[in-house]
Structures are given as C-alpha cells and as structure tokens.
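Please treat every number below as a calculation from the coordinates, not as lab data. Note that the structure is predicted; figures quoted are calculated from it, not measured. Cβ placement follows ideal geometry from the backbone for every residue including glycine, while neighbour counts extend to all protein chains displayed.
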C-alpha cells in the first residue's frame, strides 16, 4: 500500500485514484502495485492532497489570459522592429537611423531635422 494518509485528498482525487487502480488491475497488475501507481498518477496530475492556504497560490484564468495577450502583443511589436520602449531606444539610435525610420513613415522635412526633432516627429507618427 502507498505510504501516508489519504485523508487530505478530495473526493474527486480519491475517485480518480480508484478508477486508475481498477484500470491497472484489469491490465493484470497486482492490487498493491495498481494502488501505488494510481496514487502516483493522482499526485503527479494534481500535486497531492488538499493544501492549506490555497487562495492566492495561482493566477486567476483572466489574469493568465491578459498576461498572454500582453506577451503576444510585445512579441508582435518586436517582430515588426518596434522595441519595447521606443523613446528610450530612439535616444540611442543614430541620426541616419532615425531619418530612415522617418522616411519609412513619410515624415515631411525629415532631411533637415536634427535628432531631437526626428524623435519627436517619429513619436507623433506612431
């Protein structure tokens, strides 16, 4: 028999273990081996019995969804060549590079603009 008390497991986990155990016995395993494997499977799938302090342990589904969307948005922007913080990164770019970006966005007067003016114009064009 598997070690430890099964009192901390939920009714669902106990039913699942029983079902898995029956399946293993049907395949020809001994009762003890089937029970041990069944509880090992339940533990692997659900992390063991009930735990105290469960609230706040995991992110809510909506928070996960929003995090995924934000991550996807950042990845898409990165693929398009837009860095995360465009203003800070533009400060590091050369004037030629800024003019190239301005040209791609068809900003008028870009050829005579200084670096700071290019940065401002590019920010407005976004």
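Using a 10 Å cut-off on Cβ atoms, rank the peptides 107-115, 40-48, 16-24, 68-76 from the highest mean neighbour count down.
Numbers: 107-115: 12.4, 40-48: 14.1, 16-24: 16.3, 68-76: 10.3.
So the peptides 107-115, 40-48, 16-24, 68-76, ranked by packing, come out 16-24, 40-48, 107-115, 68-76.
Considering all different alpha carbon pairs of the range 83-126, the Kirkwood hydrodynamic radius works out to 10.1 Å.
Once C-alpha pairs closer than 8 Å and six or more residues apart are averaged by separation and normalised to the residue number of the range 83-126, the relative contact order reads 41 percent.
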